[in-house]
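Readers should treat all values here as calculations from the given coordinates under stated rules, not as data from a laboratory. Everything numeric here is computed off the predicted structure, so don't read it as measured data. Here the Cβ positions follow ideal geometry from the backbone for every residue, glycine too, while neighbour counts run over all protein chains shown.
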Amino acid sequence: MTTSLRELAFSEIGDLVHSPVSVFGPDETVSRVLGVLKETDRYEAAVKSDGSVGLITVRDLLDVDQPTQTKVDKVWKSTGFVAPSDTVINIVENLVRNNIRALPVVEGGNVVGIISQLDLVTAMCNVPELSGIHAKELIRSPVFSLDIEEKVSFARRLMLERGISHVPVVEYGRLVGVVTAKSIVNTFIIPASRTTSGERVEEKVPRFHGTASGIMDAHPFIVRPDASALDVVRGLRDQGQSACFMTDERGKILGIITPRELISPLLRFRVREELPVYIMGLSDEDFFERSVAEEKVRRVVRKSMRFRPDIAEVSIRIKSSRTQGNRTRYELTARAISPEGKINAEAEGWDLLGVFDELCETLGKAIMRSKPEPRGEVRHRRFRR
């Protein structure tokens, strides 16, 4: 059914949830998980343990040496859970804030499904207004790429170190394929027989041998710079892909678009609480200066929050001193607080509002410099053996 982006943002996730879902216990083997994920072509499965709920993903399996002997308890991650009545926008905010791909859905104490970024992207295929959003506005760049003769072992190490699941493969600078976590896991943990439903037993093979060309998907989903977001979401659905690469006419990679980037426009509809700004050192008579200064700070922080959306509050301390000529000099210190730590900035001068302008500019730059490296954004590099 056709809908608007706003309607989708505030709709309940019940109809979007992937179910039925496989739920594993902590004492089950990783090989059972591998078997089910391969049979169902899913990226993640749910895990429930002593009241905690979470996920085990294909990328988690990249770091497992002996799946038949490794317990789920050693691999899975607790993520918390959501309910079928939760709204899409709350789910998107949860996924983006915690940098995770999916969440278990629980109802009546039972895991009834999984809601993933890809499930949300599929729902966005019915939002025609996405045709007005340029895909190039959503790409992440630069993107790390592998030479076609690069070793699979290096691709695996890159995925584990960077927390990514897709690495494009290039030949003479042109995109020719993509290696995914799924392709590595499904190639190098080879099912030899089945002992119970969903159980896989792997053959012993040299670990992650060969080159990227041997396991890459030679038909990645590619769009040009004039594509729309609607082109991308429908292309992912129709081609059964989980990432899209934007290239120029020569095949050079301009950026990558994953479900994480595609769901981000939904966040424009979230209700923002006013950012707490505390200014210390102004007298009660300086009401005008205080109100103007607070708005200046909020404006620069709001602009910078696309780099650091986790900023919770900003405090500013003002120290003033008078000179012999009866002029007042101001020293300002700002501190933006987030769960990752504190971001500081300083400015000083004779005109209070002018110093605030300088402080805001310095604070904005400090916030931008402090942004964590986006997962999946890596630079092109040829690995030399």
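With only Lys, Arg, Asp and Glu charged, each at its Cβ (+1 for the first two, -1 for the last two), find how big the charge dipole of segment 128-267 is about the Cα centre; round to the nearest 20 debye. Could you put the intermediate results ahead of the total?
Numbers: 18 positive and 17 negative charges, 78 e Å.
Here the size comes out at about 380 debye.
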* Along Cα→Cβ, 7 Å out, is where each label goes; now give me the distance between the ones at Lys319 and Glu149 in nm to one decimal. => 6.2 nm
* Structure fact -> Expressed in angstrom and rounded, the centroid-to-centroid distance over alpha carbons for segment 45-124 and segment 137-166 is 23 Å
* Can you work out the base-10 log of I(q)/I(0) for segment 6-116 at q = 0.11, 0.13 1/Å, using the Debye formula on its C-alpha atoms alone? -> -0.34, -0.47
* Using θ = phi - 60° and Karplus 6.51 cos²θ - 1.76 cosθ + 1.60, couplings along segment 347-359 (whole Hz; Gly, Pro as x) -> 7, 8, x, 9, 9, 4, 5, x, 5, 4, 4, 5, 4
* Report ³J(HN,Hα) in whole Hz for each residue of segment 235-248, in order, from the Karplus equation J = 6.51 cos²θ - 1.76 cosθ + 1.60 where θ = phi - 60°; Gly and Pro get x. => x, 4, 5, 5, 9, x, 9, 10, 7, 10, 10, 9, 10, 8
* To do: Normalising by the residue count of segment 6-116, find the relative contact order in percent from Cα pairs under 8 Å and 6+ residues apart.
  => 34 percent
* Structure fact -> If amide H atoms are modeled at 1.01 Å from N in the peptide plane, then the residues at a separation of 5 or more from Asp147, or on another chain, having amide H under 5 Å from its own are Val170, Phe383
* Asked: So which of Lys77/Lys365; Lys48/Lys182; Lys77/Lys252; Lys319/Lys342; Lys38/Lys77; Lys48/Lys342 end up more than 26 Å apart, counting from Cα to Cα?
  -> Lys77/Lys365; Lys77/Lys252; Lys48/Lys342
* Structure fact -> Karplus ³J(HN,Hα) for segment 122-136 (6.51 cos²θ - 1.76 cosθ + 1.60, θ = phi - 60°; Hz, whole; x = Gly/Pro) runs 4, 5, 6, 5, 9, 10, x, 5, 5, 5, x, 9, 6, 4, 5
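Among 126-132, 89-95, how do they line up by average Cβ neighbours within 10 Å per residue, starting with the highest? Show your work: numbers first, answer last.
Numbers: 126-132: 15.3, 89-95: 19.7.
Descending mean neighbour count gives 89-95, 126-132.
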* Asked: Three principal axis extents, largest first, for the C-alpha atoms of segment 128-267, in Å?
  -> 51, 39, 25
